[in-house]
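Visitor: Take this structure first; my questions come after.
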């Protein structure tokens with residue numbers, strides 16, 4: 001009888017411990033959500049309040065021949081005696097066709113910028129929440145992976161903004177099937193393209209980490225990536241040739257170089 005009571009008491013104590021641990025994790029999750037939301041909304045409000053900086057200085061700069069990439073290309077063309085590297089003067093203009101369009105574009109842009117600025121904080125809070133339930137080895141691996149992932153993400157965003165967006169916008173914005181057809185570019189179309197390219201490059205730069213994970217579980221091997229290296233370079237070169245705004249091979253090389261480098265980094269990350 002005493003042994004049964006003892007077992008019952010032990011079971012109740014274990015249930016209470018589990019209940020307390022669950023409640024603690026729920027409370028920690030709630031606090032994490034509030035911390036993430038608080039910082040995110042502050043960043044979003046700051047971005048919203050700096051409308052001219054965000055739109056005139058950052059978002060619309062790649063849509064003009066005054067953008068830094070085109071100035072660099074022109075200087076490079078002077079050094080190499082290749083005047084074709086200098087892009088002809090252009091400045092895209094955008095139209096808004098909805099009465100509330102500009103406001104909602106402003107809000108949506110503030111959301112994405114706020115998310116990008118607060119991204120390191122969000123990643124840190126997620127890791128901090130998950131760390132207590134990990135063993136030491138897994139915790140260290142996860143920490144390094146998150147730091148590397150954040151660095152690659154921002155490297156991708158930077159590459160997307162300074163390289164991919166201006167070249168793609170120049171090509172797509174001025175492309176015509178016939179002189180009779182004029183491009184009337186809407187504000188939402190430009191912003192959607194901008195966000196897609198920048199965020200897309202940020203995600204594309206996660207490729208080495210994905211390769212690393214696949215190699216660790218034995219799905220992918222370095223020999224496979226080396227075997228199809230030429231195929232990958234051909235595909236990258238074709239994409240670069242389509243997107244680049246001038247027929248000069250130097251511009252195509254500048255466009256394709258980061259993607260080829262990313263592929264080579266993935267080979268290095270991959271296990272033998």
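Visitor: Given R₀ = 45 Å, FRET efficiency for residue 64-residue 238 by Cβ-Cβ distance, to 0.05?
Guide: Numbers: r = 28 Å, r/R0 = 0.61.
So, using R0 = 45 Å, E works out to roughly 0.95.
Visitor: Let me ask something else about it. Semi-axes of segment 132-222's equivalent ellipsoid from the Cα gyration tensor, sqrt of 5 times each eigenvalue, largest first, rounded to whole Å?
Guide: On the way: eigenvalues 313, 42, 19 Å².
Rounded to whole Å, the semi-axes are 40, 15, 10.
Visitor: If one computes the Cα centroid of segment 86-113 and of segment 162-227, what distance in Å separates the two points?
Guide: If we compute the Cα centre of each part, the gap is 19 Å.
Visitor: Applying 1/(1 + (r/R0)^6) with R0 = 51 Å to the Cβ-Cβ distance of residue 23 and residue 50, what FRET efficiency is obtained, to the nearest 0.05? Working shown, then result.
Guide: Values: r = 41 Å, r/R0 = 0.81.
E between residue 23 and residue 50, to the nearest 0.05, is 0.80.
Visitor: Ranking 228, 263 by Cβ neighbours within 10 Å, fewest first, what do you get?
Guide: 228, 263
Visitor: Give or take rounding to whole Å, what are the principal axis extents of the alpha carbon atoms in segment 44-114, in descending order?
Guide: Over segment 44-114, Cα extents along the principal axes are 48, 26, 15 Å.
Visitor: Considering all alpha-carbon pairs of segment 2-205, what whole percent are spaced by more than 26 angstrom? If you can, show how the numbers build up before the last one.
Guide: On the way: 11240 of 20706 pairs.
Every Cα pair in segment 2-205 considered, those over 26 Å come to 54 percent.
Visitor: Stretch residue 154-residue 136 to full length: gain in nm at 0.36 nm per residue minus the Cα-Cα span?
Guide: Numbers: separation 18, 0.36 × 18 = 6.48 nm, distance 2.74 nm.
Here the answer is 3.7 nm.
Visitor: Sticking with this one: In nm, give the distance between the simple-model label positions of residue 179 and residue 229, each being 7 Å from the Cα along the Cα-to-Cβ direction.
Guide: 4.8 nm
Visitor: What spacing in nm lies between the two simple spin-label points modelled at residue 210 and residue 89, each 7 Å away from Cα in the Cβ direction?
Guide: 4.3 nm
Visitor: How long is the gain from residue 31 to residue 186 if the chain were fully straight, where each residue apart is worth 0.36 nm and the alpha carbon distance is subtracted? Don't jump to the answer; show the numbers that get you there.
Guide: Numbers: separation 155, 0.36 × 155 = 55.80 nm, distance 4.09 nm.
Length difference between fully extended and current span is 51.7 nm.
Visitor: Which value in nm describes the separation of the simple spin-label points at residue 78 and residue 107, placed 7 Å from the Cα toward the beta carbon?
Guide: 4.7 nm
Taken together, the values in this text are just the output of simple stated rules run on the coordinates, not laboratory data. Quantities reported herein were computed from a predicted structural model and do not represent experimental measurements. When we count neighbours, we look across all protein chains shown, and the Cβ atoms used for this are built from the backbone with ideal geometry, even at glycine.
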